[in-house]
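A short write-up of the structure that comes next.
The values are calculated or read from the model by the stated rules, or taken from the named source; none is laboratory data. The model shown is predicted, which means the values in this text are computed figures rather than measured ones. When we count neighbours, we look across all protein chains shown, and the Cβ atoms used for this are built from the backbone with ideal geometry, even at glycine. Please note that ligands, DNA and RNA were not included when accessible areas were found on the heavy atoms of the full protein model with its side chains. Shrake-Rupley method; radii C 1.70, N 1.55, O 1.52, S 1.80 Å.
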Amino acid sequence: HVQLVESGGGSVHTGGSLTLSCTATGVTYKNYCMGWFRQAPGKEREAVAAIDSESNTTYEDSVKGRFTISRDNAKNTVYLQMNSLKSEDTALYYCATGRDFGYWGQGTQVTVS
């Protein structure tokens, strides 16, 4: 039984900050790449950031310099620190892990206005 649970979403004004968390059970993060994805109404899901087992990170260009992905293997948790939020960041954010990102959380809503 694998379960990923995201938390930390909410509603903030432009320029605000949020930190998202994703904790997994039934799978060990340290053995896999972890990623954050988002989907806004009327748009396709897109990758936001990812971090591999060696803590190498990648970011979508629009969030680079504003978002930071990190992991805590002891807690089996991945974080997404989101700063200088813009209205364009409004979306449902998901975390994913596992081979081929086969495991997904339920999502947490981020609304920037």
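Which pairs have Cβ atoms under 9 Å, sit 6 or more apart or on different chains, and link a residue in the range 61-73 that is more than 16 Å from G16 (Cβ to Cβ) and of a type outside the set (D, E) to one that is assigned to a strand (DSSP E or B) and open to solvent by 70 Å² or more (accessible area, probe 1.4 Å)?
From residues that are more than 16 Å from G16 (Cβ to Cβ) and of a type outside the set (D, E), the pairs are I69/T58.
Any idea which of (1) polar (S, T, N, Q); (2) open to solvent by 60 Å² or more (accessible area, probe 1.4 Å); (3) in contact with a helix residue (DSSP H, G or I) (Cβ under 7 Å, 6 or more places away or on another chain) is the one S84 doesn't satisfy?
Failing condition for S84: (3).
If A50 satisfies all but one of (1) in contact (Cβ under 8 Å) with a residue 60 or more places away in the chain; (2) surrounded by 15 or more Cβ atoms within 10 Å (Cβ to Cβ), what's the number of the condition it fails?
Result: A50 passes all but (1).
Spot the failing condition for V27; the list is (1) under 10 Å from the mean Cα position of the chain (by Cα); (2) among the hydrophobic types (A, V, I, L, M, F, W, C); (3) modelled with pLDDT under 95, and only one is missed.
Of (1) under 10 Å from the mean Cα position of the chain (by Cα); (2) among the hydrophobic types (A, V, I, L, M, F, W, C); (3) modelled with pLDDT under 95, only one is false for V27: (1).
Suppose we filter S55, S70, S21, S62 for residues that are polar (S, T, N, Q), open to solvent by less than 60 Å² (accessible area, probe 1.4 Å) and not in a strand (DSSP E or B); which single one remains?
Details: S55 fails: open to solvent by less than 60 Å² (accessible area, probe 1.4 Å); S70 fails: not in a strand (DSSP E or B); S21 fails: not in a strand (DSSP E or B).
Of S55, S70, S21, S62, the one residue that is polar (S, T, N, Q), open to solvent by less than 60 Å² (accessible area, probe 1.4 Å) and not in a strand (DSSP E or B) is S62.
Can you tell me how many residues within the range 24-33 are surrounded by 14 or more Cβ atoms within 10 Å (Cβ to Cβ) and either touching a helix residue (DSSP H, G or I) at 6+ places or on another chain (Cβ under 8 Å) or outside any strand (DSSP E or B) (or both)?
Residues in the range 24-33 being surrounded by 14 or more Cβ atoms within 10 Å (Cβ to Cβ) and either touching a helix residue (DSSP H, G or I) at 6+ places or on another chain (Cβ under 8 Å) or outside any strand (DSSP E or B) (or both): 4 in total.
For the range 95-111, how many residues are open to solvent by 10 Å² or more (accessible area, probe 1.4 Å) and among the β-branched types (V, I, T)?
2
Being open to solvent by 20 Å² or more (accessible area, probe 1.4 Å), of a type outside the set (S, T, N, Q) and in contact (Cβ under 8 Å) with a residue 24 or more places away in the chain: is that true of V12 here? Outline the logic, then answer.
Numbers: open to solvent by 20 Å² or more (accessible area, probe 1.4 Å): yes; of a type outside the set (S, T, N, Q): yes; in contact (Cβ under 8 Å) with a residue 24 or more places away in the chain: yes.
Yes, satisfied.
Going through the range 1-16 one residue at a time, which ones are in a loop (DSSP other than H, G, I, E, B) and under 14 Å from the mean Cα position of the chain (by Cα)? Don't jump to the end; show me each part of the working.
Within the range 1-16, the first condition is being in a loop (DSSP other than H, G, I, E, B), and the residues that meet it are 1-2, 8-9, 13-16.
Correct list: G8, G9.
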